[in-house]
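Report on the following structure.
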Amino acid sequence: MLALCAAPQNRSQAEKNPLLPAFAQTNALKVNSVSEPPEMSGEPKKIVQPSRSETQLLEIVGDLKDQDEAKSTMPGLDELITLHPDNSDACFLRAMCNACILNSHDFVSISSDVKEAMSHPGQIYNETDYYSLLGKIELARANYAQAMDDLQKALMRDLSTANEMFNIEGVEPQKSSKFCVWNLAELDGLVARFPKDYRAWLFRGIYYEFFATFKEEYYPKAMQEFQRAALLNPESPLPQYFIGQLYSDASLTKKSSASDQERDEEIKNAAAAYTKAIELDRGFLPAYEERAIT
């Protein structure tokens, strides 16, 4: 990010504007018994300028508003990747453009771009994005078991933001959607194909949990899915973790008519679920983290 202010270059500038030294104080300006944030102390920080390829990528992103603009932008994106084949974000952006905006069914090429993106460090996209798109491709190819595996990998990057793997749009579950958005019909289909695989129920529960933020009627739907997942795989800490998360969400978002006692009960239930997850797997760190802040 470009700096908005620069530190004073000499004493006369500092005298003209006494506020400037605050942006990069030196040891000589420290006040006894006053602790300064690390980013505000020491020598002036060096500004890291974006590379030419990063600047080009940002310009391309700004031109991806619809299909026509995406089509006209693709040659520039292709050229950028040719010049910088290790630019992970550019590779994944091309995959996203082809799959999500241009509705291309060239799944071989799209998958290749995703896997190339995964082979280099990226700054914008992450494993949730990669595996979510790979999962949709496998679903379109009718490789349902692989789609399940990809969703699991998308899920495990960060359990606290698991619903991001669905790229949900709107505040109500949808039976149809854009290619890169997972919808309820697709998750229903996975449950129907894998009724004994706890992950299918877990995925659908996470999907419903997102909408519970907007409508309380989805809380029992999500809870039912998580409880079914727990019955199918009683040794996994994941269902209990998400049951705890659901209770935690309920304690914060329930309607204003809920009493303090009711909210406290939700918090106790959340802590109990996180404790159960820990008992199932003593090394399951996400449950410890959530229980500590519940």
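Figures for the structure shown
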read-out: Near pairs, Cβ below 6 angstrom, 6+ apart or cross-chain, from the stretch 190-203 (on the phi < 0 side of the Ramachandran plot) to any residue that is of a type in the set (K, R) and surrounded by fewer than 24 Cβ atoms within 10 Å (Cβ to Cβ); value: W201/R228
read-out: Condition broken by S72, with the remaining ones in (1) surrounded by fewer than 21 Cβ atoms within 10 Å (Cβ to Cβ); (2) polar (S, T, N, Q); (3) part of a helix (DSSP H, G or I); (4) touching a residue at least 24 places away in the same chain (Cβ under 8 Å) satisfied; value: (4)
read-out: Leading residue by the ranking (surrounded by the fewest Cβ atoms within 10 Å (Cβ to Cβ)) among those in the stretch 75-90 that are farther than 15 Å from Y130 by Cα and of a type in the set (A, V, I, L, M); value: L83
read-out: Residue check for E209: surrounded by 21 or more Cβ atoms within 10 Å (Cβ to Cβ), of a type outside the set (K, R), modelled with pLDDT of 95 or more and more than 23 Å from C97 (Cα to Cα); value: yes
read-out: Residues (farther than 20 Å from E225 by Cα and of a type in the set (A, V, I, L, M)) located in the stretch 238-266; value: L252, A258
read-out: Qualifying residue in the stretch 181-192 (condition: small (G, A, S), in a helix (DSSP H, G or I) and at pLDDT below 95); value: no
read-out: Count of residues meeting criterion [surrounded by fewer than 15 Cβ atoms within 10 Å (Cβ to Cβ) and within 20 Å of L246 (Cα to Cα)] in the stretch 121-168; value: 3
read-out: Total residues in the stretch 64-90, condition under 17 Å from K178 (Cβ atoms) and polar (S, T, N, Q); value: 1
read-out: Residues located in the stretch 130-149, provided they are closer than 23 Å to L285 by Cβ and either acidic (D, E) or not in a helix (DSSP H, G or I) (or both); value: D149
read-out: Answer from A277, A250, A273, A192 - the residue that is more than 19 Å from the chain's Cα centre (by Cα) and either within 26 Å of Q146 (Cα to Cα) or polar (S, T, N, Q) (or both); value: A192
read-out: Subset of the stretch 91-106 (residues that are free of Cβ contacts under 8 Å to residues at least 40 places away in the same chain and either surrounded by fewer than 18 Cβ atoms within 10 Å (Cβ to Cβ) or among the basic types (K, R) (or both)); value: R94, L102, S104, H105, D106
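The values are calculated or read from the model by the stated rules, or taken from the named source; none is laboratory data. In this text the structure is predicted, and so the values were computed from the model without any measurement. Note that we place each Cβ from the backbone using ideal geometry, even for glycine, and neighbour counts take in every protein chain shown.
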